[in-house]
Structure formats: C-alpha cells, structure tokens
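Have a look at the structure below, then the notes.
The values are calculated or read from the model by the stated rules, or taken from the named source; none is laboratory data. Keep in mind the model is a prediction, meaning the values are calculated, not measured. Positions of Cβ are backbone-derived with ideal geometry, glycine not excepted, and every protein chain shown enters the neighbour counts.
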Amino acid sequence: MVSDMAKQRIVLVSLACFSLTLLGAELPPPTPPKLPPFKPGMTREEWKKEIEQYREEYRQKNLKAIEQDMKVAAREAWKNLLRVTEGQWTPIEPKYKAVATLVREAHVCALGSGGLNQENFRWDKYSKGTGGNSAKALDEMTEGERKTDELIDFLEDPNSTDDQIRKKIDALQQVRENARKALPKAEQELAAVLTTPRHEAIFLIKGYID
C-alpha cells in the first residue's frame, strides 16, 4: 500500500508534469519593455533603480499573464483527458481543486536561491514572486503560504528571538497538520462526483483519490 507521503509526492509530481506539458503550448511572446527615460536632475543610481523597478513590474505582469494562460490550458487539458463537456466538468472542478490545494498545504514550503553562501542566499517568498512565480497579495495566498512567509520574515530578522521563531514554526506545522486531516474527506467528496470508471481511474492514477 502506498503511504500518504508517497501518494502526496505522486500528486505533486503529477501537477508539475501537467504544468511542463502546458509550457509546450504556443504562447504569444511578451512585448519588449520600453525603459523609463533618464530625467533631468536624476542621478545614474536613481535611474538604475527606476529601471530595475520597471523591469520587475514588467516581469510580474508577464508572469501573471502566463499563469492565467496556463490555468485556462490546464482546464481544457483536464476536460480533454476526462472526455467531458463543460457541464460535466463543472461539478468535478471545485472538488479536484480542493484536493490539490490541500495536498500543497500539507507540504507547503519555500525554496531558496544563491547556493550555500550565506551572503548570496535568499528565500523565495510567495509575496515577492521569486522562484519563477508571480508575486501574490495577502488575499491571494493560502494560509500555509502566509505562514511560510511569516516564518521567513523572522528568520531574516536578526532581532528575532527563539521564542518568536518557535511560535511561527508551530503555526506552520499546524497548517500542514490541518490539511492532512482534511484531505481524506476532500478525496471522498471528489470521488463522489466521478460518474464513470474512466474518471475514477484517471484521478486514481494521478493520486487524487484512493
């Protein structure tokens, strides 16, 4: 029997493979940015900062557009895989999304970049949009993503105490535990709306149901 941990890894790998497949789709190339002009009275350092800010805003805008295109493509890919109409997909979609969200919450984490060098290392926070993903506002984050960013904030603050960090650790662990406990019910609710053996087989193979 596959363990819960192995099963959740299968689902995460499945999600990643699904995204990589969609990346092969034809997406319109982004419009090259027009850099802000050098204004009278501006120092070169100020101009450089303005350019960096503009480029980051441009990057975030394009990431949002690409992510939206991928969501639309993923939705169509699921419908094609299941061989369902829009009406048949409608009751399945929210149940599938609930399971996918809980799987991510059960193992919510943040990556980092910069190697092992302490001076160059930085965390990929959800609020900053690093790691190839667009930045998220607080109301766009899951509870686990917010708790992860909060813990990173305390890790990066040289004045944080061990007690403060411990409280954030406990909060993040509680989010993961709550997601793991809620997952079996969400899986059952997904299974309940699958009306054909084909649908059941696909979600079973992908690890969304038992």
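Below is a table of values for the structure above.
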| read-out | value |
| --- | --- |
| Answer residue from segment 164-210, given it is basic (Lys, Arg) and either assigned to a loop (DSSP other than H, G, I, E, B) or under 23 Å from the mean Cα position of the chain (by Cα) (or both) and is nearest to GLU143 (Cα to Cα) among those | ARG176 |
| Residue that is farthest from the chain's Cα centre (by Cα) [pool: residues in segment 39-84 that are of a type in the set (Gly, Ala, Ser) and at pLDDT 80 or above] | GLY41 |
| Segment 59-86 residues that are acidic (Asp, Glu), paired with ones that are at pLDDT 85 or above (beta carbon under 8 Å, 6 or more apart) | GLU86/LYS79 |
| Subset of segment 51-93 that is in a helix (DSSP H, G or I) and among the β-branched types (Val, Ile, Thr) - its residue that is farthest from TYR208 (Cα to Cα) | ILE51 |
| Qualifying residue in segment 174-185 (condition: touching a Phe, Trp or Tyr at 6+ places or on another chain (Cβ under 9 Å) and surrounded by 14 or more Cβ atoms within 10 Å (Cβ to Cβ)) | no |
| Qualifying position, being hydroxyl-bearing (Ser, Thr, Tyr) and within 21 Å of ARG166 (Cα to Cα), among THR148, THR101 | THR148 |
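Per-residue answers, yes or no, for (1) out of contact with any strand residue (DSSP E or B) (no Cβ under 9 Å at 6 or more places or on another chain); (2) closer than 24 Å to ILE169 by Cα; (3) of a type in the set (Lys, Arg); (4) crowded, with 16+ Cβ neighbours inside 10 Å:
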{"residue": "VAL84", "(1), (2), (3), (4)": "yes, no, no, yes"}
{"residue": "LYS97", "(1), (2), (3), (4)": "yes, no, yes, no"}
{"residue": "VAL108", "(1), (2), (3), (4)": "yes, yes, no, yes"}
{"residue": "LEU111", "(1), (2), (3), (4)": "no, yes, no, no"}
{"residue": "ASP124", "(1), (2), (3), (4)": "no, yes, no, yes"}
